[in-house]
Amino acid sequence: MKKVLLYGFGSSPIFINPFIKETKKRNILFKYSLILDNSHYLDMMSTVINNVLCIKRELPNNISQDIDLNELKNYPSNLFKDIESEKRTLKNKNSEEQLKIAFATYKLIKLFILKIKPDYILYIQHPENMTGVMISNIALELNIPISVPISTRNIDTSFFSNSYQEILPKYGKINDTDTLKAENFFTSYRDKHISSSIKNKDIFITPINFIQPSFYARLKKYILRYFVETENREFSTFYIAFVNNLPFYRNFIWFMRKTINKTMYNIDSFTKLPNKFIYYPLQYTPESSINIPAPYYIDQLRIIDSIRMSMPNDMMLIVKEHPDCIEVRPRYFVKNLLKKAGVVVAKYDMDSREIIKQADITISVSGTASFEAFLLGKQSIIMSPTFFDSFIGGVCKSNDLKETIVNKLNIKINDEEIINALARIYSVSSKFYGITAIGNGGVMMTKENVNNFIDAVLIHINSKENKYNEK
C-alpha cells in the first residue's frame, strides 16, 4: 500500500470523497492523508481521512516571534517569492507578519509531511496560493514526487506534471493517433476561432450530487472561524465572502467599473493598428496564472515597461484589457497606460485573435495568447515557465527581451512544427479536469471525470519519469 498525500484547495475537497470511493472500488491500494488550506470542508474530510492538516486552523498556535531563517537553507525556493504568490489577504499585512505567517506555514507543512512520510503528493487542482507552492517546493526538498493537474487551455485536455510550473512530462511517445488529433485540431483552429474555455462536455454526463450548505450554515461556520482562526480576521476576507453571497451587490460594483473602464482606449478598430507592433494582452488579475509562475510580474506595468523599452524604435506596443477583467481592474491602471509613450490601448472588446494575426510578435507573462499566436503561425514570447514554452524558444528573461524581439522578427514558423508540438502535447494529455469543483459547467463533479482523473494519475505516477516505483 502506498501513502498518498492529497492537497485540497478551495472547493476541490468536494471532489476528494468520490475520488477515494472510486479508488477503493477499483482496489487501488492508497492510504490517504490530506492538507487543507482552510476549514470550509474540514468536518467533511475528517470523516473520510484520518490524518488531516488544516493550515488556517493550526496557524494561530504556531506563529512564533522567533524566526530562524537558517531552517530554510535547503528550501529550493525563495520564501519571499512564495509570499507574493498569494492573491490578496496575506499581503494586506505588514512585512513582518507576512514573514511570520509564511515561516509558520512552511514549518507546519514540512513537519506534517515528515510525520506522514508520503510516497506521493497529489494535487486535485493547480495551486493558486502560497500553500500550494510551498507543498511542491517542500516535496522537492524532501525528494517526494508530486502530480499536479495542468490544463492545456485551447486544446481542452489535461496532463499531470511533476511541477506546479506546468512542465510537460517527458514520458509521452507520439503515435499515429496523436498526430491525427494534432492535424485535426490544427485545421479546425485555423478555420475558426476556438476559445480556451471548456468546450466539449459531451462525455461528462453523470453528475455527482453534492448539496451545498445553506447560507445560514455557512454564516455560522464563518463566525466560528472568526474566533478560532485569527489569521482570517481581515476586512478583505470578510468582504470577499460578503460580496460572493450577495451577487446583486457584487454585480452592481462590477457594472459601475465596467461602465468607466470601457471608455478608456486609443483605438477601437483594426484599421487603426500600427504597421509594426508588438501585442501584449493584459492577463486577468489577481490570478494564479501569474501569481504562481511569475509573481514578479503581478504588477503588469513591469512587463509593459520592459517591452516598450526593449522594442525597436519603429514599433509600437498594443495593450488590450482582458474582457473579464474590465469589471474588476482599478481604473487607475489603464489610465496610467494611456500616459506611457509607445503604448497604444486597444478597446477591450476588439477580437484578440485578429490582433494576434496582425501583430509582429505577441508577448505574455504566462497567458494563452502566446500559445494562440504559435498555433496561428505567428511569433510569440513567454516570460514564465509553461507547458508550451519549449515550442516557442523557451522562457525569455527580462535582460534578454531586446535581443529576443529582434531575433523573433526574422524567424518563420511552419505548419509541421506546430503539428509536431500539438502531437507532443496529445501524447501526455487526456480528457479530464483538475479544476475548482464548483462551476465550470459541472464537469469536475461527474463520474466520468473521476474515472478519467484516476486513469491519468495512475499513468503519471507509474511512469519511469517519477520515482514512485523506486519506493
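Values quoted throughout were computed directly from the atomic coordinates according to the rules given, and no laboratory measurement underlies them. For clarity, every value in this text was computed on a predicted model and none was experimentally measured. We place every Cβ from the backbone using ideal geometry, glycine too, and count neighbours over all the protein chains shown.
With θ set to phi - 60° and the Karplus curve 6.51 cos²θ - 1.76 cosθ + 1.60, what are the ³J(HN,Hα) couplings of segment 285-296 in order, to the nearest whole Hz, using x for Gly and Pro?
8, x, 7, 5, 5, 10, 4, 7, x, 8, x, 4
Taking a spot 7 Å from the Cα of residue 462 along the direction of its beta carbon, which residues of segment 23-38 have an amide N less than 20 Å from it?
The answer is 23-32.
In whole Å, what is the distance between the alpha-carbon centres of segment 137-198 and segment 73-129?
First find each Cα centre; the distance between them is then 26 Å.
Just to check I understand the Karplus step: with θ = phi - 60° and J = 6.51 cos²θ - 1.76 cosθ + 1.60, what whole-Hz values come out for segment 376-393, glycine and proline as x?
8, x, 10, 6, 8, 9, 10, 9, 8, x, 7, 5, 10, 4, 5, 6, 10, x
Which aspartates and glutamates, if any, have their Cα less than 20 Å from the Cα of residue 31, not counting same-chain residues under 8 positions apart?
Candidates past the 8-residue exclusion: 22, 43, 119, 455, 470.
Of the peptides 289-297, 349-357, how do they stack up when ordered by the mean number of other Cβ atoms within 10 Å, highest first?
Numbers: 289-297: 22.1, 349-357: 16.8.
By packing density, highest mean first, the sequence is 289-297, 349-357.
Show the residues, 5+ positions off or on another chain, whose built amide H is closer than 5 Å to the amide H of residue 161.
Answer set, sorted by chain and number: 148, 150.
Modelled label-to-label distance, residue 400 and residue 115, 7 Å Cα→beta-carbon offset: nm?
Taking the two extended label points, one gets 4.4 nm.
Points 7 angstrom from Cα along the Cβ direction at residue 228 and residue 96: gap in nanometres?
Rounded to a tenth, the inter-label distance reads 3.0 nm.
With only Lys, Arg, Asp and Glu charged, each at its Cβ (+1 for the first two, -1 for the last two), find how big the charge dipole of the chain is about the Cα centre; round to the nearest 20 debye.
Charge dipole, the chain, about its Cα centre: 780 debye, nearest 20.
So, R0 is 41 Å and r is the distance between the beta-carbons of residue 438 and residue 266; what FRET efficiency does that work out to, to 0.05? Before the final figure, lay out the partial values.
Values: r = 39 Å, r/R0 = 0.95.
For R0 = 41 Å, the calculated efficiency reads 0.60.
What do you get for chymotrypsin sites (Phe, Trp or Tyr not before Pro) in segment 113-172 restricted to DSSP loop and a cutoff of at most 16 other Cβ within 10 Å of the site's Cβ?
171
Between residue 88 and residue 314, what is the FRET efficiency for a Förster distance of 56 Å, r being their Cβ-Cβ separation, to the nearest 0.05?
0.85
In the structure displayed, which of 3/25; 192/357; 25/117 lie more than 23 Å apart, Cα to Cα?
Pairs exceeding the cut-off: 25/117.
Let's test the formula: R0 of 45 Å, r as the Cβ-Cβ distance of residue 71 and residue 21. What FRET efficiency results, to the nearest 0.05?
Computed FRET efficiency for residue 71 and residue 21 comes out at 0.70.
Tally Lys/Arg at +1 and Asp/Glu at -1 over every other residue whose Cβ is under 13 Å from the Cβ of residue 325; what's the total?
Result for the neighbourhood of residue 325: +1.
Which cross-chain or sequence-distant (5 or more) residues have an amide H under 5 Å from the amide H of residue 33, H modelled 1.01 Å from N in plane?
Distant-sequence amide H within range of residue 33: 4, 5, 6.
Over the chain, what is the relative contact order in whole percent, taking alpha-carbon pairs under 8 Å and six or more residues apart?
20
Which net charge results for the neighbourhood of residue 49, defined as the other residues with beta-carbon distances under 13 angstrom from its beta-carbon, given Lys and Arg at +1 and Asp and Glu at -1?
With Lys, Arg at +1 and Asp, Glu at -1, the neighbours total +3.
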